[in-house]
Every structure is written in structure tokens, then in C-alpha cells.
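Below: the structure, in C-alpha cells.
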Protein chains: 2
Amino acid sequence: MNLKTLAEELGLSQTTVSRALNGYPEVSEATRRRVEEAARRHNYRPNSRAKGLATGRAMVIGQVIPTSVQHEMVNPIFGDFVAGASLTFSRFGYDMMFTRVPDADESAVYREYRARGAVDAVILQGPLVEDQRIPLLNQIGLPFIVHGRSTGITEPYAWVDVNNKRSFQHATEFLIHLGHRRIALINGLETMDFAQRRRAGYLAALAEAAIAPDPALMRSDEMTEHFGYSQTRQMLAMDQPPTAIMASSMIAALGIRRAIEESGLTMGRDVSVITHDDDLSYLKNGQDVPIFTATRSSVRKAGEVLAQCLVDRINTPDAPPQSRMLEAELLVGRSTGPAPQRT
Amino acid sequence: MNLKTLAEELGLSQTTVSRALNGYPEVSEATRRRVEEAARRHNYRPNSRAKGLATGRAMVIGQVIPTSVQHEMVNPIFGDFVAGASLTFSRFGYDMMFTRVPDADESAVYREYRARGAVDAVILQGPLVEDQRIPLLNQIGLPFIVHGRSTGITEPYAWVDVNNKRSFQHATEFLIHLGHRRIALINGLETMDFAQRRRAGYLAALAEAAIAPDPALMRSDEMTEHFGYSQTRQMLAMDQPPTAIMASSMIAALGIRRAIEESGLTMGRDVSVITHDDDLSYLKNGQDVPIFTATRSSVRKAGEVLAQCLVDRINTPDAPPQSRMLEAELLVGRSTGPAPQRT
DNA sequence: AATCAATTTCAAAGCGCTTTGGATGACCGG
DNA sequence: CCGGTCATCCAAAGCGCTTTGAAATTGATT
């Protein structure tokens with residue numbers, strides 16, 4: 001069933017049918033109802049490509065699948081983020097499209113998106129410090145929004161981000177108030193902007209309390225379970241092991257816990273742990289009482305908010321880029337406690 | 001830059017340029033080279049929608065985002081599966097498109113996909129026992145492939161699945177050989193087909209060894225860390241606790257390990273654990289030695305294979321549906337050991 | 001009854017591509 | 001020099017929709 005046959009069956013022109021369906025005022029209520037009824041009866045939907053061709057809009061949002069170079073790792077937040085964003089997008093009639101390519105080809109994908117007119121806008125994930133994709137997208141003229149921010153990029157761009165610095169600063173302060181002085185940081189790759197900011201927050205809290213940061217207590221890499229485990233094992237074997245650990249992800253925190261327990265220690269008593277928690281649907285931080293004390297911020301909600309911002313941006317392309325800062329809440333669970341007395 | 005201007009610039013007709021670019025034989029090598037060079041210079045790409053409209057193909061694969069009803073949970077394998085599938089699809093010029101809707105509306109999405117001509121085919125995730133989406137898609141006439149299978153559906157359909165029954169049977173036999181008699185099963189929701197099959201494998205192994213299955217040792221629900229934890233706590237508190245546990249997911253297994261260790265027991269000595277491992281990129285089962293003994297099968301590879309099958313299916317729509325069975329390997333790690341002596 | 005404005009409808013152009021059904025030359029043997 | 005065959009290339013139709021500009025109809029006003 002297409003417009004033409006539908007119009008013929010109704011004895012109307014394609015123009016009128018199209019207008020009736022798209023809510024234009026120049027069609028009588030009676031006709032509109034008649035058309036809508038017939039459309040429903042035949043389960044008529046305008047062909048996406050024809051409509052797109054005529055309107056010049058794809059009604060598709062593109063996203064390059066974020067995979068890290070080192071371990072070919074797919075970001076674990078991917079599913080939940082998409083679930084959030086997708087919900088908002090579909091309300092506005094947008095579909096989401098994904099492309100995965102070797103990292104080096106990412107800019108080629110954006111150029112191709114643009115040349116093919118395949119998408120109306122893109123979402124940029126996992127921004128680095130001074131991420132060159134931002135100037136590139138601006139130059140290409142492809143509307144976009146960043147999930148996160150990029151330190152060092154001065155040109156304007158839209159973003160949605162968690163206040164990583166503040167949340168890590170507060171969390172570190174919380175540990176300091178509990179008496180901890182040797183606080184470790186198990187962070188993501190510090191080429192990533194978020195990791196940079198979290199470290200800044202951590203350092204700010206230490207500085208405020210006049211605690212000299214110890215480079216031996218600051219680790220950063222891809223946030224796997226194994227990374228959390230191995231770094232914790234190493235640090236707990238030091239002469240002056242940390243009494244508390246800040247972690248950048250729940251998955252790493254699971255490894256941290258494993259290392260603590262395998263060392264015969266108890267998390268929350270011998271070693272305190274605070275982790276950032278993206279509130280992933282498949283990795284809930286405890287059902288009743290949170291297992292980990294955490295800086296929590298739902299990445300699914302971030303997806304919803306970001307999608308809304310991007311839709312706005314598409315609709316008013318000349319407005320200056322709007323951004324949204326999300327605050328993480330500090331959730332006190334059972335992984336933190338007063339610093340153990342020095343022996 | 002579009003076909004028309006490109007053709008004008010070259011002093012050729014659109015026909016010739018189009019043919020040159022699409023590899024048709026009726027254009028001289030010299031012309032073809034000239035055209036290709038110009039296209040590269042201008043970074044010309046045919047407009048997706050115009051091309052789709054003319055060819056009648058969308059070059060898009062659709063997928064409804066699998067979210068479970070209960071916990072609004074996004075399947076943790078989503079990211080890795082997509083990463084795998086997307087790699088293959090992009091080689092063939094297909095994009096992947098996702099739609100997320102409340103579960104009840106899923107069939108409406110398929111009808112809409114079809115009516116709008118939005119996609120050439122869809123991927124069906126997380127099939128249930130007797131999954132009614134399969135007859136629906138067949139009836140709608142939307143090409144599809146299932147990631148998994150659906151017991152009770154007799155009509156033909158294409159699928160790619162892991163041999164869940166066999167892998168769980170082998171793994172259970174392995175535990176039995178180690179002397180375990182009280183073996184628990186912490187399974188996914190048993191409305192899911194894969195969970196059904198895994199249980200069948202588990203039961204077959206018990207039956208073979210003449211061990212009566214104990215309903216108190218068989219648990220099934222959404223596979224979260226917390227579920228693994230809570231069920232294990234419960235079972236370890238029983239009069240006759242299990243000495244071994246089969247788990248359906250790494251994430252649940254992490255909870256199982258936590259419960260074992262919090263109970264003051266040691267995994268691999270007091271309680272053995274075997275889990276299914278989808279080989280997720282962000283949840284590697286140990287870097288060097290596997291932490292868990294596991295039935296391993298890369299879901300990313302499954303995505304690649306499935307994508308290839310679906311492309312074949314699109315290209316030869318009249319051929320009978322082809323399917324692929326993947327075998328999981330039993331990977332022996334440090335979570336299993338001989339059954340402890342009865343005390 | 002004539003005029004005008006508002007309402008309702010329509011024919012046709014256009015979006016950018018593919019593809020059908022020729023047309024144009026070049027080349028060849030006779 | 002002529003008809004036939006190839007190798008090249010082209011004009012135009014068509015994919016299914018939106019939208020422009022105009023026409024037909026209606027109702028109100030003079």
C-alpha cells in the first residue's frame with residue numbers, strides 16, 4: 001500500500017492524502033478523518049526513503065560504535081546508553097543507526113555519513129582530552145552532541161556530561177573524613193576526558209586536606225575486572241598499602257573486591273572502596289543495600305537527556321549549542337568505613 | 001555533490017557515471033577510471049535514500065533492542081553482539097538500525113518496519129520457548145534470523161545458536177567426574193529458550209549418572225550479580241548445600257563467587273563453579289589463567305556469523321533458511337576442583 | 001446576482017538515484 | 001561504399017513521497 005493507491009481508493013489526490021496524514025490545516029476535518037481511517041485500515045506508512053528523499057531529512061541518528069583500540073573492548077555502558085537514548089529518539093520519530101569500523105577510519109565514517117546524507121546528526125561517545133573529532137564534525141557540518149566533554153577544545157559544541165570532577169572530589173573528601181590518608185585511584189585510561197576529570201577531583205580533595213598525592217597509588221588503564229584485581233593486588237602488597245581505593249567503574253570494582261578478599265582482608269573494614277556506578281541494568285549495585293559506596297549516575301538517563309538535547313539541536317540548528325551537566329549522587333554502601341588504626 | 005553535478009562536470013550523462021561507479025560492463029575502462037577519480041576527488045557518495053528508493057533496498061538491518069520486562073534490563077551481551085555483527089554488515093554495505101519500544105509493541109515495530117520499507121531484514125534476539133515473533137515475522141514476510149532457537153516452533157526459520165544443551169551437559173559431566181553429586185543450577189529465566197536447553201543438558205548429565213535432580217538446587221531468574229549472590233547464599237545455608245554450581249552467565253557467577261567467599265568458603269576448593277562465558281570484551285574471564293571454569297563461546301563471533309547468514313539469506317530469499325550451530329569450549333579454570341569429602 | 005475571500009482540492013515538479021530502451025559512432029568484411 | 005555488429009553513451013521513466021502554485025468550490029458580503 002502506497003500513497004498513490006491509497007489516494008485512488010479514497011478518490012482523493014495524493015496531495016490531499018499526504019496533507020491529511022501530516023496534519024496540515026488546509027484539509028477539512030471530515031476528509032482528514034476519512035483518510036486517517038483508511039490509512040489505519042490498510043496499515044499504511046509512508047515509505048521511509050521516499051519521505052526522506054522528499055523532505056531532505058533522514059530521521060536517523062548515527063553513532064560510531066565506541067571500541068577501544070587496546071582490547072577491542074566494547075564500552076559496557078553501550079547497551080544501557082542506547083536503551084535510554086533510543087527511547088527518546090523513537091518518541092520523535094528518529095531511528096538510531098550504528099557503524100563499527102577500525103578506529104582509524106572513524107573520521108571517514110563521518111564524512112561518508114554526511115556525503116550519503118545517511119543521518120541527520122551523530123552522537124560522539126567516549127571523548128578524549130582534546131578530541132579532534134569535535135573540530136572535524138564542526139568542519140564537516142554534521143550536527144552532533146558529545147556524551148562527555150573534551151578538555152582543551154575551545155570551539156563550541158553541545159554535550160551532556162556527568163560532573164565527574166565534583167563527584168570524585170566529594171567522594172575522596174568522604175574518605176578523608178573517615179580518616180583515610182592513603183587513598184588509591186584506579187582510573188580509566190587517562191587519554192579519556194572523564195578519567196582526567198576524575199583524577200582532577202581526586203587530586204583537589206587531597207590537596208585541600210594537604211595530603212601529598214602518591215604516584216604509586218594512581219593507576220589508569222582500560223577498566224576491566226582484571227585491571228581492578230591486579231592493581232589492587234599490587235598495591236596491597238606495598239609497604240604502605242592504601243586503606244581506601246577510588247575506582248572508576250563497577251566492573252573494575254568487582255576485581256578490586258576480589259583482590260581484597262583474596263588477600264584475606266575485608267572490604268569496608270580493612271580497605272574502603274568507592275566506585276563510580278553507571279547504574280547499568282545488568283550490574284545493579286546491590287538490590288537492597290548498596291554493596292559499594294558509589295558515585296551514581298544513570299547512564300540510561302544520560303542517554304535520554306542527550307537524545308532530547310540532540311533533537312532540539314536538530315530542530316534549531318542556528319541556536320548556540322546547549323549542554324547539560326548531570327550530578328552524580330554519593331550513595332553510601334557497605335564498602336566504606338573508618339580508616340583502620342595504624343599498627 | 002550529487003550525481004547530476006558530477007556528471008555535468010565530467011561531461012557525461014548520469015547514466016554513464018552511475019554505471020561506471022557501480023561496476024557495469026558497458027562503460028569503457030578509460031571512462032570508468034576518469035569517473036572514479038572525479039568521484040574520489042569530490043568525495044562523492046550516492047545519497048542513501050535516493051539509492052534505496054531507486055533500488056528498492058534499504059541496505060539496513062533492523063533490530064529491536066532486547067529489554068526484559070521485569071527489570072528493564074538491557075542484555076549485557078548487546079554491545080559485543082552488535083560489535084561483531086556490525087563488522088560483517090558494514091563489509092557488505094549494510095547499516096544496523098535499532099528501535100526500542102515497550103515490549104508489548106514489538107510486533108507493531110516489525111509491521112511498521114515492513115510497511116515503511118525501513119529495513120531489509122531483522123535480527124531477533126533472546127528467543128523464548130515457542131516464541132510467537134517467529135510466526136509473526138514469517139507471516140509479515142520480513143526476512144529475519146534468530147540469535148538462538150525456539151523450542152516448539154515447527155515452521156522453518158534461520159538461526160545461529162550455541163549448542164547450549166551439549167555444553168551444559170558436558171560441563172555437568174565434568175563436575176560429576178570430579179566427584180560432585182549435589183550440583184546446583186543457577187539459570188536464566190526459563191521462558192528463555194537458551195535457559196531451557198541448558199537445563200536439559202544439566203538434567204541429562206545428572207540422569208546419566210543416576211543422580212536425582214533436586215528442585216531446591218535449581219534456580220532461575222534474570223541473571224544479575226545479585227541473583228547469583230542471593231541464590232548461592234540461600235543454597236549454602238541449606239542442610240545439604242551444593243558442592244558445585246552451574247551458572248548461566250559470568251555476571252551471575254561474580255555474585256556466586258561473592259557469596260561463596262562471604263560464607264568463608266573458597267571457590268574451587270569448597271564449592272566448584274562452572275559458568276557460561278560469552279567472552280564479553282569488558283568481562284574477560286581472567287587475563288592469564290581463567291578465573292572460572294567455563295563453557296565459552298564468543299558472542300561477538302556469533303554476531304559475525306549471524307550477520308553473514310543474514311546477508312546470504314537476503315541475497316537468496318528463496319533458498320530454505322540456513323542455520324549455524326556453534327559449539328562452546330569447556331575451559332578449565334581455577335573455580336573447579338574435586339568434590340570435598342563429606343564430613 | 002455579482003464579487004470577493006476563504007476553504008478545499010488538485011496537477012505537476014522535484015528530491016537523487018537506477019535502469020530501460022534506444023541512439024551514436026567506430027569498425028569490419030564484402 | 002554499404003549494411004551489420006560492437007562498444008559507448010544517453011534521454012527519460014520511475015521509485016514514493018512532499019510541496020508549490022493554481023483551480024474549483026463554498027459562503028459571506030455587497
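Legend: ranking of residues A:PHE92, A:PHE78 from fewest to most surrounding C-beta atoms inside 10 Å; resulting order A:PHE92, A:PHE78. In nanometers and ordered shortest first, the copy-to-copy spacing of the B:SER107 label point, defined 7 Å from Cα toward Cβ, is 5.0. Remark: label point of B:LEU330 defined 7 Å out from Cα along the Cα-Cβ vector; separations to the same position in other copies 5.0 nm, ascending. Per-residue Cβ neighbour counts within 10 Å put A:TYR282, A:TYR24 in the sequence A:TYR24, A:TYR282, beginning with the fewest. GNM remark for chain A: springs join alpha carbons under 10 Å apart, and the peak mean-square fluctuation among A:ALA244, A:ALA259, A:ALA39 falls on A:ALA39. Spatial offset of the stretch A:130-158 relative to the stretch B:307-343 amounts to 41 Å, using the alpha carbon center of each.
Based on C-alpha pairs under 8 angstrom that are at least 6 apart in sequence, chain A has a relative contact order of 17 percent.
Distances between copies at A:HIS42, taken between label points 7 Å from Cα along the C-beta direction, are 3.8 nm in increasing order. Taking a straight Cα-Cα cut-off under 25 Å and skipping sequence neighbours fewer than 8 places away in the same chain, the lysines within cross-link reach of A:LYS4 are A:LYS51, B:LYS51. Contact order for the stretch B:164-298, expressed relative to its length and based on alpha carbon pairs under 8 Å spaced 6+ residues apart, stands at 24 percent. Near A:GLY268, the amide H atoms lying under 5 Å from its own belong to A:VAL273; only residues 5 or more places off or on other chains count, and H is placed 1.01 Å from N. For the pair A:MET325 and B:ALA104, a Förster radius of 35 Å applied to the C-beta separation gives a FRET efficiency near 0.50, rounded to the nearest 0.05.
Under a 10 Å cutoff between Cα atoms, tell me which one of B:GLY188, B:GLY141, B:GLY268 has the largest fluctuation in the Gaussian network model of chain B. With Cα springs under 10 Å in chain B, the top fluctuation among B:GLY188, B:GLY141, B:GLY268 is at B:GLY141. Note on A:GLU72, A:GLU261, A:GLU304: ascending count of other Cβ atoms within 10 Å places them as A:GLU72, A:GLU261, A:GLU304, the fewest first.
Close amide-amide hydrogen proximity is noted between B:ALA247 and B:ILE186, B:ILE274, B:THR275, B:HIS276, each under 5 Å apart and 5 or more residues distant or on a separate chain (H modeled in the peptide plane; Pro and chain starts excluded).
Ignoring lysines fewer than eight residues from B:LYS165 along the same chain, the ones with Cα atoms less than 25 angstrom from its Cα are B:LYS284, B:LYS301.
For the pair A:ASN22 and A:ASN43 in one chain, pulling the backbone fully straight at 0.36 nm per residue adds 6.0 nm over the alpha carbon distance. Specify the residue with the greatest mean-square fluctuation among B:PRO135, B:PRO102, B:PRO143, computed from a Gaussian network of chain B linking alpha-carbon atoms under 10 Å apart. Evaluated over chain B, the most mobile residue of the options is B:PRO102.
For the stretch A:3-46, relative contact order (Cα pairs under 8 Å, six or more residues apart, normalised by length) works out to 35 percent.
We did not get these values from a lab; they are worked out from the coordinates using the rules stated. The structure presented is a predicted model; accordingly, all values stated were derived computationally and were not measured. Here the Cβ is made from the backbone with ideal geometry for all residues, glycine too, and neighbour counts use every protein chain on show.
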